Amino acid sequence: MSGVITENEISVEIVPIPDPEGFLRALSSAYRVTRFAATFRGPNPFDADEHFQKPLSVYLSAANGESGKAQIHGEDLNREVLQEVTRSTAATGNEASARIIKSKSQKSITINLKGDPVKRRYDEDEHLPEAVLADLTNLYYRVRNDERG
């Protein structure tokens, strides 16, 4: 596989994947979500969602850009769409933030996806590479909320 990457001069970037669960819980339980922003980078066909990452990465690539950020505002944004974009944003190693109102009587606050990356430690003498890969793949699918994970 690395030979194909080198021969075709493909750039590969590996970044930590933040664990989105706390951010997703805050979005879900909020009284209202009034702003949502997320960053994006070039094409990543395995991780991109249909609403955000795919179309913006195509735009970024066409403009010869390296990274970008999009932000939306509304009275109360659609949580299902925001959750899908959040999972895709986390899986692609990008960042997200939201302005939420926790309850009717509270002022709005900003929450961030940054959080702690998903981490695992393995001892090469005790773990077979296939088992490590399977474990990391399952963790990735959990972040993506994919039924395979």
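Any read-out appearing in this document is the output of simple, stated calculations on the displayed coordinates, not a laboratory observation. Predicted model, so just to flag it, every value in this text is computed and none were measured. Cβ: placed from backbone, ideal geometry, glycine included. Neighbour counts: every protein chain shown.
Counting Lys and Arg as +1 and Asp and Glu as -1 over every other residue whose Cβ lies under 15 Å from the Cβ of Arg99, the net charge comes to +3.
Less than 5 angstrom separates the built amide H of Tyr31 from those of Ile101, Lys102, Ser103, all sequence-distant by 5 or more or on a different chain.
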